[in-house]
1. Ala247 fails exactly one of the following numbered conditions: (1) in contact with a strand residue (DSSP E or B) (Cβ under 9 Å, 6 or more places away or on another chain); (2) without any contact (Cβ under 8 Å) to a residue 24 or more places away in the chain; (3) of a type in the set (A, V, I, L, M). What is the number of that condition?
2. Say we look at segment 151-178 and pick out the residues that are open to solvent by 70 Å² or more (accessible area, probe 1.4 Å) and assigned to a loop (DSSP other than H, G, I, E, B); which of these is nearest to Tyr284 (Cα to Cα)?
3. Which pairs do you get when a residue that is at negative phi and surrounded by 24 or more Cβ atoms within 10 Å (Cβ to Cβ), found in segment 119-133, comes within reach of a residue that is part of a loop (DSSP other than H, G, I, E, B) and hydroxyl-bearing (Ser, Thr, Tyr), reach meaning Cβ atoms under 8 angstrom, with the pair 6+ apart or on two chains?
4. Being of a type in the set (D, E, K, R) and at pLDDT below 95: is that true of Glu256 here?
5. Could you tell me which residue of segment 338-363 is least open to solvent (accessible area, probe 1.4 Å), considering only residues that are part of a loop (DSSP other than H, G, I, E, B) and among the polar types (S, T, N, Q)?
6. How many residues, within segment 259-276, are open to solvent by less than 10 Å² (accessible area, probe 1.4 Å), under 20 Å from the mean Cα position of the chain (by Cα) and not β-branched (Val, Ile, Thr)?
7. Do you know which of the residues in segment 50-101 that are in contact with a helix residue (DSSP H, G or I) (Cβ under 6 Å, 6 or more places away or on another chain), small (Gly, Ala, Ser) and not in a helix (DSSP H, G or I) is nearest to Ala192 (Cα to Cα)?
Amino acid sequence: MKRYSGFQLVKHALQHQENWQRMWRNPKPKSHYDIIVVGGGGHGLATAYYLAKLHNKTNIAVIEKGWLGGGNTGRNTTIVRSNYLWDEAAHLYEHAMKLWEGLSQDLNYNVMFSQRGVMNLGHNLQDMRDIQRRVNANRLNGIDGEVLDAQQCQEIVPIMNCGGSTRYPVLGASWQPRAGVARHDAVAWGYARAADALGVDIIQQCEVDDILIEDGAATGVSTRQHGVITADRIGCVTAGNSGVTAAMAGFKLPLESHPLQAFVSEPIKPILDTVVMSNAVHGYMSQSDKGDLVIGAGIDGYVGYGQRGSYPTIEHTAQAIMELFPVVSRVHMNRQWGGIVDTAPDACPIISATPVENLFFNCAWGTGGFKATPGSGHVFADMLAKGKANKMAKPFSMFRFHDGALIDEHGAAGVAH
């Protein structure tokens, strides 16, 4: 077997990335598009794909300041689930789940979606009551879910410490068998390739520095690399930078941007064939096909745009994981990173028209962004094509914070936001 030095591995990875970027055209932008999608992550690329495929909109540009999937899409922990509590959130995430189940076939690209199940642990009586409530609500919405006791948790995950001697003893869990994981960058590549094949212009390394507005309506964007590009409608899908993008258009969004930590271990032999999440200890873990243990945490308590992470959060997460899984205490951490997530006060997304005519935003997904990717793109494409929200997107208007029609998913979704 050929062995590579560290430098050669990095060089090989960069060449691999460049080869993928060459798979689609990198066109010179037109002066005018029917629709511009700002943001070339999973949600933006999915939006462009469904606009082209379902709404016959091909005069579309996706404008990305870096490379495709280089933001939050490539900085998450790959978990896909739909076991949310409130009807509005559950319907949206289940819509995404059904799209996930046929996504590789739809895109003709293997996104490595693996339905290995997701377990949300309960550590006290109130946790178990919340789990029972959420599972019952899921079943009423046609979403699969079960309530497990500690013994059933131990049978599914033999390496987990369910003996009751921990600070947070495992009393049981919710279990969604259809949930699982997917490969994050493959999702971006698959949507990009499929959108490109349908005629969408994907413009990388092109930063939007202003939203152009005339008589209260958005007319285009100003970019650093290609100057002014006009459009009939603009959809902004800029993840952790949505507040900055909104400021360009002269209004504020009700959200905060927080770092979200994650790290992976060195590759080891298979020991975990599902996903385990714990709200109480702020830790969750799965194992990738390469053997890495993929470990994540709740968002940091402070706001910021640094895609790095902080040592105290990493240390806290490692402590929680080692308490739940003592067998991993000597496994080395390979790398760590931080994504930037927008969070709204009710921990639900914003999919909405804005005070500026012809300008629409899709943001504030908190920790739920990756799992929603197909559903988010699907409903946002419908909004951009028709200029108004459909039944599924309507509850997620930014104006709900003015009207008081909140969807309080905060803490009810089985993980801390």
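1. (1)
2. Tyr168
3. Within 8 Å, the pairs are Met119/Thr274.
4. It is true that Glu256 is of a type in the set (D, E, K, R) and at pLDDT below 95.
5. Thr354
6. 3
7. Gly69
Conditions tested, residue by residue: (1) open to solvent by less than 10 Å² (accessible area, probe 1.4 Å); (2) in contact with a strand residue (DSSP E or B) (Cβ under 9 Å, 6 or more places away or on another chain); (3) under 19 Å from Met277 (Cβ atoms).
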residue: Lys371; (1), (2), (3): no, yes, yes
residue: Gly375; (1), (2), (3): yes, no, no
residue: Met398; (1), (2), (3): no, yes, no
residue: Gly404; (1), (2), (3): no, no, no
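The values are calculated or read from the model by the stated rules, or taken from the named source; none is laboratory data. Just so you know, these numbers come straight off a predicted model, no measurement behind them. Neighbour counts run over all protein chains shown; Cβ positions are idealised from the backbone, glycine included. Side chains included, ligands, DNA and RNA excluded: accessible areas come from the protein's heavy atoms. Shrake-Rupley method; radii C 1.70, N 1.55, O 1.52, S 1.80 Å.
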